[in-house]
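Let me begin by presenting the structure, written as structure tokens, before commenting on it.
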């Protein structure tokens with residue numbers, strides 16, 4: 001009995017992810033999830049407590065956000081040989097790559113723009129926690145109290161988030177042009193820290 005419940009719970013969680021990825025957030029609902037999972041919607045309420053609780057369970061069992069070692073791959077000693085603007089540029093490039101590797105996360109981020117629910121709130125919380133940890137580590141590598149590293153990463157991260165959400169379904173040529181422009185702007189602005 002327990003094994004069947006666990007399998008059904010996993011099918012339900014998988015259904016949330018597949019619907020989000022294939023059809024986007026407007027298609028996510030209890031009936032669609034139950035249909036995709038091949039179960040009665042009553043089981044969603046029985047096993048998870050409701051739609052919001054299901055979204056929270058999905059957020060907790062899915063790797064939606066990047067891990068720190070995806071963004072910072074250098075040791076403290078290696079960082080000392082890299083100028084701060086160059087290091088921040090590397091971090092931002094890795095951040096873009098980490099997001100592009102997570103199309104499901106992009107759909108949830110797009111959903112977050114128009115709705116608040118347990119899934120979007122969990123993603124926002126994780127994003128905030130990881131962002132603060134990233135800033136803390138960069139500050140530990142570069143002892144420059146007069147430079148607002150958190151502010152710079154926050155502004156550039158927000159620009160990246162916006163562009164990656166907006167272009168997630170665009171042609172590669174369009175994306176390339178948009179990203180090139182953003183990367184050039186970020187590089188120029190980061191040089192201020194090198195001066």
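No lab work stands behind these numbers, since they all come straight from the coordinates. Small disclaimer: the values here were computed from a predicted structure and weren't measured. As a convention, Cβ positions derive from the backbone with ideal geometry for all residues, glycine included, and neighbour counts pool all protein chains shown.
Tabulated data for the structure shown
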| quantity | calculated |
| --- | --- |
| C-alpha center-to-center spacing [the stretch 176-191, the stretch 101-136] in angstrom | 23 |
| Sorted by Cβ density within 10 Å, fewest first, the residues 126, 108, 160 | 126, 160, 108 |
| Shape of the stretch 32-130, Cα gyration tensor, a/c cut at 1.5 | prolate |
| Order of 138, 155, 28 - criterion: other Cβ atoms within 10 Å of each residue's Cβ, fewest first | 155, 138, 28 |
| Spin-label pair residue 78/residue 124, simplified geometry with 7 Å Cα→Cβ offset, distance in nm | 3.5 |
| Angstrom value of the Kirkwood radius, inverse mean 1/r, which spans all Cα pairs in the chain | 18.6 |
| C-alpha long axis of helix 103-112 to longest principal axis of the chain, angle in ° | 90 |
| 0 to 90° range, to nearest 10: angle between helix 2-23 axis and the chain longest Cα axis | 60 |
| Neighbour-count order for 41, 136, fewest beta carbons within 10 angstrom listed first | 136, 41 |
| Principal-axis tilt of helix 118-141 within the chain, Cα atoms, nearest 10 degrees | 20 |
| Structure-based [θ]222 nm, the chain - -39500 (n - 2.57) summed over DSSP H runs of at least 4, per residue, nearest 500 | -24500 deg cm²/dmol |
